[in-house]
Amino acid sequence: MKKTVVLLIVFTFLITSLFSISTSSAAASHDYSTALRYSILFFDANKCGPDAAVDNVFDWRGACHTSDGSEIGLDLTGGYHDAGDHVKFGLPQAYTAAVLGWSLYEYKNVFDATGNTQKMLSTLKYFTDYLLKCHPDANTFYYQVGDGQADHTYWGAPEVQPGSRPVPYVANASNPGSDVCGLTSAALTIMYLNYKDIDSSYANKCLKAAKELYNMGKTNLGHYAENAFYISHSYWDDLSFAAAWLYAVEKDPNYLKEIDSYLSNKTLWGESPFNNKWTMCWDDMYMAVFCKLAELTGEQKYIDAMNFNLDYWMNTLTTTPGGLKYLDSWGALRYASAEAFIAMRYYELTGNEAFKSFAKSQIDYILGSNPLNMSYVIGYGSKYPKCPHHRAANGYTYANGDNAKPAKNLLLGALVGGPNMSDGFTDDVNLYQHTEVALDYNAAFVGALAAVNKFSGNIVIPTSTPTSPSPTPSTPDLIWCDVGDLNADGSVNSVDITYMKRYLLRGIKVLPYQENERIRIPVADTNGDGQINSSDMALLKRYVLRAIKEFPVKYDIYGNIIN
Ligand code: ZN
Ligand code: CA
């Protein structure tokens with residue numbers, strides 16, 4: 001008996017050793033580009049409305065819920081089903097549109113290099129077209145279609161779901177919804193940024209709606225009414241996130257003052273939001289706020305909040321034996337993905353390799369570097385969940401318990417909820433906390449994959465290579481960038497100093513503005529001598545510290561010195 005135990009231990013040890021070898025080799029071979037492609041396609045499976053089959057990679061999806069909104073005399077068709085069910089819930093819908101849009105905005109070069117930009121844009125527009133419909137005038141926003149209780153009693157294809165759907169909630173002058181209005185505002189502002197060079201009139205429509213929704217949210221303060229499925233615990237985070245993106249567009253410092261006042265409010269748990277241990281999700285956008293504001297302003301309080309949160313995640317938070325950071329058992333992987341996205345953004349700001357390794361470790365776990373050697377992304381790798389909690393993909397009904405069978409249709413690219421705290425996973429459609437999929441699960445996952453692919457993948461991202469050596473005034477695409485604004489975010493501040501430092505120390509080979517082929521101004525050459533070196537750094541520092549009011553050189557938009 002004892003012998004058996006010893007043998008078992010030895011055997012387990014061998015397996016473990018073998019396992020760690022296979023894990024490390026697997027870690028090197030993940031195909032981030034394929035995973036990224038799939039994770040974007042997933043959204044097609046959840047398209048709703050008369051056009052659900054248009055531009056849809058899944059031939060098992062068709063038009064559904066074509067009379068949404070009719071009970072209030074509006075067309076509220078379109079948008080996306082929330083998860084494995086068919087309700088259109090406002091907060092996760094807005095969250096997903098915002099975070100997906102944010103991912104495209106920051107990693108456009110990755111989506112370009114992997115051929116995914118068009119699909120990202122059409123996916124995003126399917127969100128924002130719907131969000132705009134839900135906002136028929138400056139003071140109204142409908143934020144849910146469908147009834148959660150009723151919907152969840154139905155298991156079957158959305159195309160044949162019987163009955164019409166209610167529009168239970170609205171935000172307006174008498175009903176607050178600061179959370180959902182704030183988050184939707186951010187989604188629309190980000191769409192403005194992603195779309196302004198494609199269709200400026202659509203982009204401006206988004207920005208106008210974004211400002212109206214922000215205004216609604218801050219004027220009539222209060223939580224929204226959905227109190228059963230997506231209970232909102234905070235709205236200062238959502239208003240801050242909305243204001244941060246409006247600030248990114250308009251550079252109006254009043255937005256920063258408003259954010260300061262929002263962030264002075266304690267959380268529901270009586271804590272300062274700056275000591276946040278959660279991660280970005282539909283209910284808690286504080287880390288998204290700190291991340292974006294650290295980038296935009298370089299202010300220490302945001303840097304401190306980022307460091308506090310990442311330190312907690314990397315060093316204190318429960319970790320499974322296989323290395324997954326485990327915030328909550330319901331959809332554990334969405335949280336790890338979201339933190340990976342945040343960590344990658346912060347890696348780009350700080351150059352701290354630890355954040356990059358941490359993010360990569362979480363994404364690699366999801367893609368198969370885990371004790372089960374399975375991928376949690378459906379269709380990716382050779383072993384992945386076959387019984388996702390998703391009515392349309394499942395293809396059966398509740399009759400005879402058929403819905404427990406493996407899905408008829410491949411739900412390509414869907415990230416499932418994930419394992420238990422011991423890295424175990426039961427592929428059972430009814431264990432929805434582990435096998436369900438959702439818009440918000442895939443949202444940050446797309447962004448994290450793009451980021452990890454940028455720095456650890458096999459893709460080649462073209463750096464600034466102007467095609468025409470002597471640009472002429474007929475080149476309409478060039479955009480302005482101030483001298484010293486190394487990350488081309490519209491302001492010259494300590495963040496630009498950080499970039500200059502990293503560039504001079506060879507931590508990065510390319511400065512952010514150099515990646516934008518529409519910028520011809522040699523922004524980092526602050527003295528105009530044709531080189532980028534410590535003299536430019538010295539001038540940049542003096543400018544940021546307001547020791548000088550302007551740089552000794554001026555350029556025109558083509559990069560020619562004009563003084
Ligand atoms: Zn539908
Ligand atoms: Ca919130």
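The values are calculated or read from the model by the stated rules, or taken from the named source; none is laboratory data. Since we're looking at a predicted model, the values are computed, not measured. Ideal geometry is used to build each Cβ from the backbone, glycine not excepted, and the neighbour counts take in all protein chains shown. Note: accessible area is taken over every heavy atom of the protein model, side chains too, but ligands, DNA and RNA are not part of it. Shrake-Rupley method; radii C 1.70, N 1.55, O 1.52, S 1.80 Å.
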Selection over the range 40-52 where residues are surrounded by fewer than 24 Cβ atoms within 10 Å (Cβ to Cβ), within 16 Å of ligand 1 (Cβ to nearest atom) and closer than 23 Å to TYR107 by Cα yields a count of 1
Check the range 408-420 and report whether any residue there is in contact with a Leu (Cβ under 7 Å, 6 or more places away or on another chain), in contact (Cβ under 8 Å) with a residue 24 or more places away in the chain and assigned to a helix (DSSP H, G or I). no
Those residues that are open to solvent by 10 Å² or more (accessible area, probe 1.4 Å) and either within 16 Å of ligand 1 (Cβ to nearest atom) or of a type outside the set (Phe, Trp, Tyr) (or both), I need them from the range 226-244; list them, please. ASN227, ALA228, ILE231, SER232, HIS233, SER234
Members of the range 486-509 found to be of a type outside the set (Asp, Glu) and open to solvent by less than 40 Å² (accessible area, probe 1.4 Å), listed by number: LEU486, ASN487, SER491, VAL492, ASN493, VAL495, ILE497, TYR499, MET500, ARG502, ILE508
Answer yes if at least one residue in the range 288-306 is under 16 Å from TYR235 (Cβ atoms) and in contact (Cβ under 8 Å) with a residue 12 or more places away in the chain, and no otherwise. yes
Tell me, which residue of the range 53-65 that is surrounded by 16 or more Cβ atoms within 10 Å (Cβ to Cβ) and without any contact (Cβ under 8 Å) to a residue 40 or more places away in the chain is nearest to ligand 2 (Cβ to nearest atom)? ASN56
Of the residues that make up the range 390-401, is at least one at negative phi, in contact with a strand residue (DSSP E or B) (Cβ under 6 Å, 6 or more places away or on another chain) and part of a loop (DSSP other than H, G, I, E, B)? no
Run down PHE89, PHE141 and say which single residue is within 16 Å of ligand 2 (Cβ to nearest atom), among the aromatic types (Phe, Trp, Tyr) and touching a Cys at 6+ places or on another chain (Cβ under 7 Å). PHE141
Output the helices (runs of 4 or more DSSP H) that fall wholly within the range 59-163 and possess 1 or more residues being β-branched (Val, Ile, Thr), or say none. 90-106, 108-113, 117-133
Identify, by number, the condition in (1) open to solvent by 20 Å² or more (accessible area, probe 1.4 Å); (2) of a type outside the set (Ser, Thr, Tyr); (3) over 28 Å from GLY115 (Cα atoms) that LYS383 doesn't meet. (3)
Listed by first then second residue, the pairs whose first member lies in the range 391-405 and is surrounded by fewer than 19 Cβ atoms within 10 Å (Cβ to Cβ), whose partner is part of a helix (DSSP H, G or I), with beta carbons under 8 Å and at least 6 positions apart or on separate chains, are THR397/ASN403; LYS405/ASN394
Qualifying residues in the range 203-214 (those that are open to solvent by 20 Å² or more (accessible area, probe 1.4 Å) and touching a residue at least 60 places away in the same chain (Cβ under 8 Å)) - the one farthest from ligand 1 (Cβ to nearest atom): GLU212
Positions within the range 265-282 being of a type outside the set (Phe, Trp, Tyr) and either surrounded by fewer than 19 Cβ atoms within 10 Å (Cβ to Cβ) or touching a Leu at 6+ places or on another chain (Cβ under 7 Å) (or both), in sequence order: ASN265, LYS266, THR267, LEU268, GLY270, GLU271, SER272, PRO273, ASN275, LYS277, THR279
